[in-house]
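The structure appears right after this line, and notes come after that.
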Amino acid sequence: MSSQPNGAWLTQDAYDRLAKELAELEGPGRTEIAERIAAARDEGDLKENGGYHAAREEQGKMEARIADLQRLLKNAVVGESPKDDGVVEPGMVVAISMAGKERTFLLGNREIADGDDLEVYSIESPLGSAIHGSKVGDTVDYTAPTGKSFPIEILRAKPYSA
């Protein structure tokens, strides 16, 4: 698996979980929020109706999440976990040594590690693009967004498992 010009890499499990969430939001979620807005509207003056404004704010957040999920799922590259071959690619938990400190994170999309406290970097991020394609034992040059350059040693790269 080399690069993904058209979308984020997701495991089949992550794709299925997100598709289920989208279906829930688009169906019962929209119905429920519409009912709450209608009930709050029936209470009278909308200027001072906290329930109405809260429901409208929640509706805006839900619609933003729906749009994000639709875009993500439409463009997603769905695949099996990468091979356990030490190559840094999406779906790998990577341990690096940078500036004398070890850091461990998932290279991929934050939606893969749902509920996991693992830090996530996309392959489009400066760090992700610097290490993408390298192998365990490699040292690569990384230029931080601040402009400072660091050597990064790839210590470990293992497929993510939920």
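The values are calculated or read from the model by the stated rules, or taken from the named source; none is laboratory data. The model shown is predicted, which means the values in this text are computed figures rather than measured ones. Note: ideal-geometry Cβ built from the backbone for every residue, glycine included; neighbour counts use all protein chains shown. Ligands, DNA and RNA are stripped out before the accessible areas are found, and what is left, the full protein with its side chains, is counted by its heavy atoms. Shrake-Rupley method; radii C 1.70, N 1.55, O 1.52, S 1.80 Å.
Residue pairs whose Cβ atoms lie under 8 Å apart, sitting 6 or more positions apart in sequence or on different chains, and linking a residue in region 105-128 that is on the phi > 0 side of the Ramachandran plot and in contact (Cβ under 8 Å) with a residue 40 or more places away in the chain to a partner that is part of a loop (DSSP other than H, G, I, E, B) and not small (Gly, Ala, Ser), are Gly108/Pro90; Gly108/Ile123; Gly108/Tyr160. Checking the stated criteria, Gly100 turns out to be at pLDDT below 95 and open to solvent by 40 Å² or more (accessible area, probe 1.4 Å).
For beta carbons closer than 9 Å, sequence separation of 6+ or different chains, a first residue in region 23-52 that is open to solvent by less than 90 Å² (accessible area, probe 1.4 Å) and a second that is in a loop (DSSP other than H, G, I, E, B), the qualifying pairs are Ala40/Leu46; Ala40/Asn49; Asn49/Glu43; Gly51/Glu43; Tyr52/Glu43; Tyr52/Leu46. The test for being among the polar types (S, T, N, Q), open to solvent by less than 80 Å² (accessible area, probe 1.4 Å) and farther than 24 Å from Trp9 by Cα holds for Ser149. Selection of region 53-81 for residues being open to solvent by less than 40 Å² (accessible area, probe 1.4 Å), within 15 Å of Glu24 (Cβ to Cβ) and either in contact (Cβ under 8 Å) with a residue 40 or more places away in the chain or aromatic (Phe, Trp, Tyr) (or both) yields Ile66, Leu69, Leu73. Phe105 satisfies every condition listed in (1) crowded, with 17+ Cβ neighbours inside 10 Å; (2) assigned to a helix (DSSP H, G or I); (3) modelled with pLDDT of 90 or more; (4) not small (Gly, Ala, Ser) except (2).
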